[in-house]
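The values are calculated or read from the model by the stated rules, or taken from the named source; none is laboratory data. Bear in mind that the values here come from a model prediction, so they are computed numbers and not experimental data. Cβ sites come from the backbone with ideal geometry, for glycine too, and all protein chains shown count toward neighbours. Note: areas computed on protein heavy atoms with side chains; ligands, DNA, RNA excluded. Shrake-Rupley method; radii C 1.70, N 1.55, O 1.52, S 1.80 Å.
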Amino acid sequence: MSLKKQYLKTRPICKVTFRIGKPAAQAVNTVHLVGDFNAWDRQVTPMTALKNGEFTAMLELETAMSEYQFRYLYDGCRWENDWEADGYVTNGVDGENSIVRV
């Protein structure tokens with residue numbers, strides 16, 4: 001799992017690419033990226049399955065909000081964190097959420 005960030009010079013936006021590697025995805029059929037940026041909607045941001053077995057999604061996040069909480073939802077039933085996230089915070093439900101700082 002990894003996060004790649006690209007800051008735009010013309011707008012207060014950071015393009016963040018979220019990537020789940022093949023070992024982390026294993027036998028997963030679908031992955032959704034769920035977090036502050038999409039009001040924790042489980043359906044809004046499906047990740048794209050790549051031929052090499054990885055999953056990816058790119059979001060444009062406003063830099064005015066300096067950090068966003070998120071998690072990955074595997075096959076609609078299993079939550080996973082990004083272990084290369086910028087940080088973690090207790091979510092008060094079942095563990096921690098990942099954080100991306102922009």
Quick check: convex hull of the Cα atoms in the chain, volume per residue, rounded to a whole Å³?
99
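Can you pull out the chymotrypsin sites (Phe, Trp or Tyr not before Pro) in the range 8-102 that DSSP calls coil and that have at most 11 other Cβ atoms within 10 Å?
Trp83
Taking a temperature of 37 °C and a viscosity of 0.692 mPa s, what whole-number D in µm²/s does Stokes-Einstein yield for the range 29-69 with Rh from Kirkwood over alpha carbon pairs?
Working: Rh = 11.3 Å.
In µm²/s, the coefficient is 289.
Of all trypsin sites (Lys or Arg not before Pro) in the range 1-99, which ones are in loop regions per DSSP and have a Cβ with at most 15 other Cβ atoms within 10 Å?
Details: sites: Lys4, Lys5, Lys9, Lys15, Arg19, Arg42, Lys51, Arg71, Arg78; in loops: Lys9, Arg42, Lys51.
Passing both the DSSP loop test and the Cβ count: Lys9, Arg42, Lys51.
When ligands, DNA and RNA are left out and all protein chains stay put, how many square angstrom of accessible area per residue does the range 46-85 have with a 1.4 Å probe? Display every interim value, and only then the final one.
Details: 2250 Å² over 40 residues.
The answer is 56 Å² per residue.
Any idea what the relative contact order of the chain is, in percent, if you count C-alpha pairs under 8 Å spaced at least 6 apart? List each step's numbers first, then the result.
Details: 214 pairs, mean separation 27.8, N = 102.
Reported relative contact order: 27 percent.
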